[in-house]
Amino acid sequence: MQLNELLIREAVQARLDLRTRDEVIQMSGKMLAAAGAVEPRYADAMKKVMDDLGPYCVIAPGIALLHARPEDGVIRSCLSLITLQKPIEFGHSSNDPVDLAFALGALDKKSHISALAELAGFLSNADFLRVLRGSADTPALQTSLFSFIEKGK
Amino acid sequence: MVIATLCGMGFGTSMMLKLFIDDILKAEGIKAETNPWDLGSFKGNKADIVVAPVDMEPHLRDYPAKIVLIKNLVDKQEIKEKVLGALRELS
């Protein structure tokens, strides 16, 4: 599975006006559930992971990678992205505040790995982050995100 | 040499770290086994080096291995410097 298959287009949303970490988690779960990729309970499972394990999911400055377990209601492997109008504190020691929030649903421990490797490569690319942060609305973000991935192959 | 990468569940963050470290080791011609671990089960496993997100430090205080803490998990330079530094210390 590749990144452009893992990413769900309608679950890529730009400049959302969310105020708290929990709103970001709920919105991510809602988008993935609306696409039929996870069950509605997946959002609460992601929140529980954050509550139990702490804010390590803020993997890089401004970037969160949320996820729960396959058995928490994943229907197919999927990835969403929210960019935020105003950055939000997640409680991380050095990478706060967050303005890019990915949410991953993994069907098992293996099938999403090559897509995740692609994502990791893109997230270490400053041009890619500039495109994500610079997209003014959802259609622009969806278009530029997928075309960047397409070109990056 | 066994290098473990740690995260909450063993297939998101830790897998990403493992993939970066595999690339670095390959480029440097270093042979080591890399394993992604999850917080729930890692205490029964053994490694020479454990690489983890910086905010997991409290979970690793008593763990008998060289601990490498990473702030930016997609910064290849930070990962490379810290992992190669740890490998040098142990060799």
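Every read-out reported here was derived from the displayed coordinates using simple, explicitly stated rules and does not represent laboratory data. In this text the structure is predicted, and so the values were computed from the model without any measurement. Note: ideal-geometry Cβ built from the backbone for every residue, glycine included; neighbour counts use all protein chains shown.
So what is the 222 nm mean residue ellipticity for chain A from helices alone, if each DSSP H run of at least 4 adds -39500 (n - 2.57) and you divide by all residues, rounding to the nearest 500 deg cm²/dmol?
Working: 6 runs with 64 residues, N = 153.
Calculated at 222 nm, the ellipticity per residue is -12500 deg cm²/dmol.
Which loop trypsin sites (Lys or Arg not before Pro) in the stretch A:1-50, with loop taken from DSSP, have no more than 16 other Cβ atoms within 10 angstrom of their Cβ?
On the way: sites: A:9, A:15, A:19, A:21, A:30, A:41, A:47, A:48; in loops: A:19, A:41.
Here the trypsin sites (Lys or Arg not before Pro) that fit, given the DSSP loop and packing criteria, are A:19, A:41.
Give me, ordered by chain and number, the residues 5 or more places off residue B:72 or on other chains with an amide H under 5 Å from its own placed amide H.
Amide H neighbours of residue B:72: none.
I need the peptides A:59-67, A:119-127, B:83-91 ranked by packing, meaning the mean over residues of other C-beta atoms within 10 angstrom, with the highest value on top.
Details: A:59-67: 23.4, A:119-127: 16.9, B:83-91: 14.0.
Listed from highest to lowest mean packing, they are A:59-67, A:119-127, B:83-91.
Enumerate the aspartates and glutamates that residue A:151 could reach by cross-link, defined here as Cα to Cα under 13 Å, with residues fewer than 8 away along the same chain left out.
A:118, A:127
Count charges around residue A:17 for me, please; just the other residues with Cβ under 12 Å from its Cβ, Lys/Arg as +1, Asp/Glu as -1. Write out the running numbers ahead of the final one.
Working: positive: A:15, A:19, A:86; negative: A:23.
Surrounding charge for residue A:17 is +2.
Given a cut-off of under 8 Å on Cα pairs at least six residues apart, what relative contact order in percent is computed for chain A?
About 31 percent, as a whole number.
Roughly how many Å is it from the Cα centre of the stretch A:18-54 to that of the stretch A:98-129, as a whole number?
Distance between centres, Cα-based: 17 Å.
Which residue, chosen from B:4, B:91, B:34, occupies the Cα position most advanced towards the positive end of the dipole of chain B, where the dipole is computed from +1 (Lys, Arg) and -1 (Asp, Glu) charges on Cβ about the Cα centre?
Value: B:91.
Taking amide H positions as placed in the peptide plane 1.01 Å from N, state which residues far from residue B:35 in sequence (5 or more) or on other chains have amide H under 5 Å from it.
Long-range HN contacts for residue B:35: B:3, B:4, B:5.
List the residues, sorted by chain then number, that are 5 or more residues from residue A:8 or on another chain and whose placed amide H is less than 5 Å from its amide H.
A:79
Starting at the first residue of the stretch A:7-21, write each ³J(HN,Hα) from the Karplus equation 6.51 cos²θ - 1.76 cosθ + 1.60 with θ = phi - 60°, in whole Hz, x for Gly and Pro.
6, 9, 3, 6, 9, 10, 9, 9, 6, 6, 8, 10, 10, 10, 3
In sequence order, what are the phi-derived ³J(HN,Hα) couplings for the stretch A:64-81 according to the Karplus relation 6.51 cos²θ - 1.76 cosθ + 1.60 with θ = phi - 60°, rounded to whole Hz, with x for glycine and proline?
Going residue by residue, I get 10, 10, 8, 6, 10, 9, x, 7, 8, x, 7, 9, 9, 4, 7, 9, 10, 9 Hz, with x marking Gly and Pro.
Once phi is turned into θ = phi - 60°, what whole-Hz ³J(HN,Hα) does the Karplus curve with 6.51, -1.76 and 1.60 give for every residue of the stretch B:8-22, x standing for Gly and Pro?
Karplus values, whole Hz, x for Gly and Pro: x, 10, x, 9, x, 4, 5, 5, 4, 4, 4, 5, 4, 5, 4.
Give me the one-decimal nm value for the distance between modelled label points at residue A:30 and residue B:1, 7 Å along each residue's Cα-to-Cβ direction.
In this crude label model, residue A:30 to residue B:1 measures out at 4.9 nm.
What does the average come to when, for each residue of peptide B:54-65, you count the partner chain Cβ atoms lying within 10 Å of its Cβ? Before the final figure, lay out the partial values.
Values: counts 5, 11, 3, 2, 1, 3, 0, 0, 0, 0, 0, 0.
Mean number of neighbouring Cβ atoms from other chains: 2.
Determine the alpha carbon to alpha carbon distance for each of A:30/A:86; A:109/B:43; B:31/B:80; B:26/B:66; A:30/B:71 and list only those over 24 Å. Display every interim value, and only then the final one.
Details: A:30/A:86 20 Å; A:109/B:43 20 Å; B:31/B:80 15 Å; B:26/B:66 21 Å; A:30/B:71 29 Å.
Table pairs above 24 Å Cα-Cα are A:30/B:71.
Per the Kirkwood treatment, what hydrodynamic radius in Å, one decimal, follows for chain B from the mean inverse distance over all distinct Cα pairs? Before the final figure, lay out each step's value.
On the way: mean 1/r = 0.0783 Å⁻¹.
Evaluated over chain B, this radius sits at 12.8 Å.
Where does chain A land on Rg(C-alpha)/(2.2 N^0.38 Å)? Write out the running numbers ahead of the final one.
Numbers: Rg = 14.0 Å, N = 153, 2.2 N^0.38 = 14.9 Å.
Against the compact-globule rule of thumb, the ratio is 0.94.
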